[in-house]
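These notes are about the structure you will find just below.
Taken together, the values in this text are just the output of simple stated rules run on the coordinates, not laboratory data. Since this is a predicted model, take the numbers as computed values, not measurements. Methodologically, a virtual Cβ is constructed for each residue, glycine included, from the backbone with ideal geometry; neighbour enumeration extends over all protein chains shown.
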């Protein structure tokens, strides 16, 4: 695996960017989603959670050396991305406190995030992190990290934090999404969805890019998406 990582080269596809930028037009801005941080890659892509935890305990030096190899791979990737016209970077981490304990978060993730956030901001770009799992035990760290936004944070009744707890943790950090996906299922009424949506708008605007945390379920009532759009159109800041 180290050989594969060491032998990787990166190149920005400027033509693909131009096409995407033209297609989106005024509807949005081009972002990029790219490989996760070294620890998250071990857990999600390379080894699985259980094997990663055992390896960190049984072979700490070897695993830390391998994490460094991954980070050096990332250095090459970031050099290309940060010199591209992309303005917003999405750290698609899929953070879940059931997996990323406060210890792991402090030991392996915070130093990495601070390094990348500093690089991104030095280039005049913005970044947000995808935290779509349980969050309660990690909330104290969120506002200290310096991300411009937190994406897909999922409040109750689907996640494990209230909107009030989320607001207290984020302060003026931008919330991307915010409406629990289960509210779009047939089992929840339009009144439930309206009440929650208005509450999110009132609590987080203008530091809000409203959306579904994490995504619209396959069996959702798609008319509810249109319903939320109408609520937003009629909402007065």
*Rank the residues 151, 50 as a footprinting-exposure proxy: fewest other Cβ atoms within 10 Å of their Cβ go first.*
50, 151
_Once you place label points 7 Å from the Cα toward the Cβ at residue 168 and residue 22, how far apart are they in nm?_
5.1 nm
*Could you work out how far helix 223-233 tilts from the main Cα principal axis of the chain, as a 0 to 90 degree angle to the nearest 10?*
80 degrees
*With a 10 Å radius around each residue's Cβ, average the other Cβ atoms per peptide and rank 5-15, 86-96, highest first.*
86-96, 5-15
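For residue 76 and residue 136, calculate 0.36 nm times their separation in residues minus their Cα-Cα distance, and state this gained length in nm to one decimal. Mind dumping the intermediate values first?
Numbers: separation 60, 0.36 × 60 = 21.60 nm, distance 3.37 nm.
So the extension gain works out to 18.2 nm.
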*If you average the sequence gap of Cα pairs under 8 Å that are 6 or more apart and divide by the length of segment 24-176, what percent do you get for the contact order?*
21 percent
*Length gain on complete extension for the stretch residue 59 to residue 46, per 0.36 nm per residue less the alpha carbon to alpha carbon distance?*
3.1 nm
*asked:* Give the separation of the Cα centroids, segment 69-124 to segment 1-62, in Å.
replied: 10 Å
*Nearest 10 degrees, 0 to 90: what angle lies between the long axis of helix 49-58 and the longest principal axis of the chain (Cα atoms)?*
40 degrees
*Once every DSSP H run of n ≥ 4 in the chain is given -39500 (n - 2.57) and the sum is divided by its residues, what mean residue ellipticity at 222 nm do you get, rounded to the nearest 500 deg cm²/dmol?*
-13500 deg cm²/dmol
*So if we plug the beta-carbon distance of residue 34 and residue 195 into 1/(1 + (r/R0)^6) with R0 = 45 Å, what FRET efficiency do we get, rounded to 0.05?*
0.75
*Give the calculated FRET efficiency between residue 121 and residue 3 to the nearest 0.05, with a Förster radius of 45 Å applied to their Cβ-Cβ distance.*
0.85
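Which order, highest average first, do 190-198, 217-225 follow once you tally other Cβ atoms within 10 Å for each residue and take the mean per peptide?
The most tightly packed comes first, giving 190-198, 217-225.
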*Residues 77, 131, 1, 203, sorted so that the one with the fewest Cβ neighbours within 10 Å comes first*: 1, 77, 203, 131
*Mind sorting 147, 17 by how few other Cβ atoms lie within 10 Å of their own Cβ, fewest first?*
17, 147
_Between residue 107 and residue 13, how high is the FRET efficiency from 1/(1 + (r/R0)^6) when r is the Cβ-Cβ distance and R₀ = 30 Å? Nearest 0.05._
0.30
*In degrees, nearest 10, range 0 to 90: what is the angle between the Cα axis of helix 60-82 and the longest Cα principal axis of the chain?*
60 degrees
